[in-house]
Each structure stands twice: as C-alpha cells, then as structure tokens.
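Participant: Take a look at this one; I'll ask things after.
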Amino acid sequence: MKTEDLKQQYYINQSYKTLTISKITSPAVAIVIALFLYQDIYILHFDFTLWYRLLPIIMCSIYFILSLTILKQYIRYVIPLYTIVLASGIIMILGIAYHIFINPIHPDYYVSNVSAGIQTVFIVTFLISSGALRYMPLLLLIPLSLFIFIIAMKTLLTTNEWTTLSNPIATAFFLSLLAFITEQRNFKDFILNNKLEANEEILSRYKFAMEKELTFASQLHRFIMPLNSPTSKISLYYRPYYSLGGDFYDFIFLDKTKNRIGIFLSDVTGHGISSAFITALLKHYLIVGKKYYLKPDKLLYYLNEYLTDTIGSNFVTALYCIIDFYKRELTYSNAAHYPPVIIHEDGTLIELPKTGKPFPIGILKKRDLLKKGKYYAVSTIKLKKNSKIVLYTDGVIELYNPITKSNIGSSTLFDIVKKHYKLTGNELIHKIEEYLNSHITSEFINDDICVIVIEV
C-alpha cells in the first residue's frame with residue numbers, strides 16, 4: 001500500500017475513533033459549560049459571560065446531533081468539525097479572560113484561571129481525542145499568543161502577572177510539541193504495522209527523527225522547571241533517565257525579599273513522554289493552586305484531588321517545603337516522598353520524620369485516603385545557623401553499583417553528606433555528582449536523579 005493510501009486509511013481510523021469518543025464528550029462539555037453559565041448569571045451575576053458560554057454550548061449541541069445522524073456518512077469531516085467545537089471553547093475562555101482584564105475584579109485570581117482553562121482544554125483533548133492532535137498546536141498557541149499581545153497592549157502588567165502568563169505559554173508550547181511528536185509517532189507506528197517489509201533504512205530514519213524530536217522536547221521540558229536555583233543559598237543537581245524525565249521540581253517566591261521560598265519536589269512513576277506529561281500537569285496545577293502555597297498539606301491535597309483519575313496507573317510522590325531563611329525555619333509536608341535530611345554545622349546528620357501518614361498522589365481521593373487512615377500533615381522545625389538541608393529523589397539511592405552489586409542506598413548518600421558537611425552547598429552537590437559518575441556507569445542508571453541542597 002502506498003504512503004498516500006496509508007495516510008488516508010490512518011485518517012479514517014482516527015476519524016472513527018474520534019466520532020465514538022466525541023458522542024460522549026460533546027454533550028458532557030455542553031452540560032458543564034451550561035452549569036458555569038448558570039453560576040455566572042444567577043450566582044455571581046456575571047451577565048457578560050452569556051454569549052461567550054453560549055457559543056461552545058451551541059457548537060457542542062450541533063455536533064452531537066450531527067454525530068447521531070449523518071456524520072458517520074461524512075466521516076472525513078469528523079475531526080475538522082470536532083476541532084471547531086474545541087476552538088469555540090478556547091474562544092470562550094479567551095473572551096472571558098479579555099473582558100476580565102479590561103474590567104478587573106480580582107486580577108490575580110483570573111490570570112491563573114486563564115492558564116487553567118486554556119491548558120485544561122488542550123490536555124483533555126489530548127487524552128480523549130487523539131484524532132484532533134494535528135490541529136492542537138495551531139489551535140492553542142496562536143490564540144494564546146494573540147491574547148497575551150492584546151493584554152500587553154491594553155494594560156501595564158505587574159511582574160507577578162507577567163510571570164503567571166509566561167508559565168502557561170511555556171507549558172502550552174511544550175505540550176503542543178509533545179502533541180505533534182505523538183501524532184507523528186502514531187502515524188509512523190501505523191505505517192510500520194502495515195508495512196512489514198519496511199527495510200532498515202526506513203527504520204533508521206524513523207529512529208533518527210524520533211531521537212531528534214525527543215531531544216528538542218527535552219529542551220522544552222526543561223523550560224517548565226527552573227534552569228537555575230533562585231538564590232545562591234540553594235544548589236541543584238538534576239539528571240533525567242531518558243531525555244524526558246519524571247522528576248519534577250519548582251521554586252516559589254513567597255515574599256518580595258526572597259527570605260521565604262517554597263520548594264516542590266516530586267517523582268512520577270515511569271519515564272519518557274507519559275511521565276513528562278504528568279510533570280507538565282503538576283506545573284499547571286502548581287500555578288493554579290497559588291492560594292495553597294503557604295499551606296503545604298493543603299497543596300498536596302489539592303494536587304491529589306486533581307491528578308487522581310487523570311494520570312491512569314501512574315502515581316506521584318511529592319515533598320513541599322517552605323524555607324524561611326530569616327527565621328531559620330523549615331515547614332514541610334510529604335506525600336510518600338523521602339523527607340528532608342539536615343546536616344548541622346558540627347556534622348550531625350538528622351533524617352526528619354515523615355509528616356502524618358502519607359500516601360502517593362494520584363491514587364485515591366481525599367475521602368478514600370482518610371478511610372484508609374492516610375493523611376497529609378505539616379511539620380515545622382527550627383534550624384541551627386550554618387545547617388544544610390538535603391532533598392532528593394529515589395533515583396539517587398536506587399542506583400545500582402556494579403562494584404558492590406547492590407543499590408548505593410540512602411546510607412551511602414548520608415555518608416557523602418557527613419564526609420563533606422563543611423563544604424558549601426554547591427561544592428557538596430559536586431561531590432555527590434562525582435561519586436555517582438565514578439562508581440556508576442550510564443548503563444546502570446535506571447531512574448531520574450535530583451538532589452537539592454539548601455544552606456541556612
């Protein structure tokens with residue numbers, strides 16, 4: 001079968017898949033938006049949202065009727081029509097966001113809501129309708145960029161607003177690239193399954209193209225995480241297992257003086273594109289959940305509620321800390337992640353206890369967690385002057401050492417920290433990296449590695 005014929009067959013298969021799924025999603029979306037419309041008009045008295053919300057409701061209703069009647073006979077129009085329906089949802093979100101920006105009520109909250117809405121539309125689309133993936137970069141990035149440009153022309157944004165708006169752009173760009181890669185990969189897999197006689201040259205080109213695309217995706221993946229530490233008091237070492245990793249970290253300034261910084265560290269099960277998508281979701285919900293930044297346990301509950309039933313069989317271990325450099329206080333909460341380790345000026349090392357009875361994020365809703373006797377809690381401790389705090393993911397201690405024929409374990413990590421406790425945080429990071437490079441070869445790396453050292 002010729003490549004052009006395969007493209008047509010692939011497109012038809014994707015169209016049937018999209019039609020089946022969209023028969024469920026289109027009325028569901030219409031109902032959800034109708035509930036928002038009711039809330040806006042009768043509870044919040046935001047009558048300006050009427051036409052914005054009516055647009056996707058009308059488009060979803062028309063599409064649903066067509067999907068039950070004649071659309072199967074015109075299968076080639078399924079994906080374009082469904083994409084138009086999705087576009088109406090994005091127009092709704094951008095229209096409401098623009099109205100709010102030029103008539104501000106609570107600007108800080110609504111800037112986050114812009115991020116939430118746009119990215120949620122895209123992510124849900126990716127999960128439930130792969131047939132529309134080919135249109136997603138254009139559908140998402142162009143209106144988002146125009147929206148940012150219009151807002152910039154209409155109002156002078158604060159630093160916080162610019163920061164909040166730049167985060168969804170980076171995340172959207174990253175997700176759009178992954179959508180493109182996934183679409184290309186799906187099609188190439190389809191070709192390979194229908195062309196068993198494909199020769200080594202074709203396979204070689206396919207591998208090279210994918211590696212090139214994944215390398216580029218890896219570079220963008222780093223954009224959703226800070227490339228550098230926010231202050232000289234914090235040192236960082238990050239090394240993904242694949243080009244796209246499942247470890248995720250972020251730094252959050254909690255005051256203008258930078259004396260209080262929130263540090264989020266997590267480890268997603270698995271590797272590659274699936275884990276990278278989940279880290280993008282974590283970034284998104286961290287942006288939207290800004291009201292929980294000062295409440296570590298509440299933040300973990302918030303992330304758990306939104307990620308459960310969303311990330312499939314995957315789960316996330318997480319740790320959220322608040323470092324107050326002025327008061328020398330550490331406040332933290334963890335979700336089945338390794339707790340912080342403290343090394344005092346005299347070389348005494350303490351591994352802090354886990355807070356509450358933690359459980360990984362993304363498995364059980366809060367009510368089910370409590371039924372099992374699991375819960376997230378907060379602990380605050382005072383720190384001695386010149387102490388250091390070490391945060392890490394399991395990739396460090398689960399590395400296989402071919403010399404000892406065992407994992408290096410937490411005891412080895414603690415020994416390195418105790419041996420070099422007088423060094424600066426950055427120097428200590430280098431010592432840990434040197435040990436890993438000298439004792440472990442790349443073939444024995446089986447997980448992402450992340451280590452953060454904070455000097456108090």
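The values are calculated or read from the model by the stated rules, or taken from the named source; none is laboratory data. Fair warning: this is a prediction, and the values are worked out from it, not measured in the lab. Counting neighbours? That spans all protein chains shown, and the Cβs are built from the backbone with ideal geometry, glycine included.
Participant: Run down 238, 285 and say which single residue is in the same structural domain as residue 423 (by TED's automatic domain parsing), among the aromatic types (Phe, Trp, Tyr), in contact with an Asp or Glu (Cβ under 8 Å, 6 or more places away or on another chain) and modelled with pLDDT of 75 or more. Walk me through it before giving the result.
Facilitator: On the way: 285 fails: in contact with an Asp or Glu (Cβ under 8 Å, 6 or more places away or on another chain).
Answer to the selection: 238.
Participant: Quick one: residue 296 ticks every box in (1) within 17 Å of residue 262 (Cβ to Cβ); (2) crowded, with 20+ Cβ neighbours inside 10 Å; (3) without any contact (Cβ under 8 Å) to a residue 60 or more places away in the chain bar one, so which box is it?
Facilitator: (3)
Participant: Further, regarding this structure: Identify, please: which residue in the range 332-386 is aliphatic (A, V, I, L, M) and over 20 Å from residue 451 (Cβ atoms) and is, among those, surrounded by the most Cβ atoms within 10 Å (Cβ to Cβ)?
Facilitator: Going residue by residue through the range 332-386, those that are aliphatic (A, V, I, L, M) are 335-336, 341-343, 349-350, 352, 361, 363-364, 369-370, 377-378, 381, 383.
Right, trim to over 20 Å from residue 451 (Cβ atoms) and you get 361, 363-364, 369-370, 377-378, 381.
Numbers: 361: 29, 363: 20, 364: 18, 369: 20, 370: 12, 377: 15, 378: 17, 381: 13.
Ranking the qualifying residues of the range 332-386, first place goes to 361.
Participant: From (1) more than 28 Å from the chain's Cα centre (by Cα); (2) closer than 24 Å to residue 240 by Cβ; (3) at pLDDT 95 or above, pick out the condition that doesn't hold for residue 401.
Facilitator: Among (1) more than 28 Å from the chain's Cα centre (by Cα); (2) closer than 24 Å to residue 240 by Cβ; (3) at pLDDT 95 or above, the lone unmet condition for residue 401 is (3).
Participant: Taking the range 173-197, which residues are exposed (fewer than 13 other Cβ atoms within 10 Å of the Cβ) and at pLDDT below 70? Let's see the steps before the verdict.
Facilitator: Keep residues of the range 173-197 that are exposed (fewer than 13 other Cβ atoms within 10 Å of the Cβ), which gives 189, 193, 196-197.
Result: 196, 197.
Participant: Going through 438, 410 one at a time, which residue ends up being over 21 Å from residue 351 (Cα atoms), in the same structural domain as residue 233 (by TED's automatic domain parsing), in a helix (DSSP H, G or I) and modelled with pLDDT under 90? Spell out how you get there, then give the answer.
Facilitator: Numbers: 410 fails: over 21 Å from residue 351 (Cα atoms).
Testing whether each residue is over 21 Å from residue 351 (Cα atoms), in the same structural domain as residue 233 (by TED's automatic domain parsing), in a helix (DSSP H, G or I) and modelled with pLDDT under 90 leaves just 438.
Participant: Right, next: Would you check which residues across the range 331-366 are in a strand (DSSP E or B) and among the aromatic types (Phe, Trp, Tyr) and list them? If you could, list the steps in order and put the result at the bottom.
Facilitator: Step one: of the range 331-366, the residues in a strand (DSSP E or B) are 331-336, 341-343, 349-351, 357, 361.
Listed by number, the list holds a single entry, 332.
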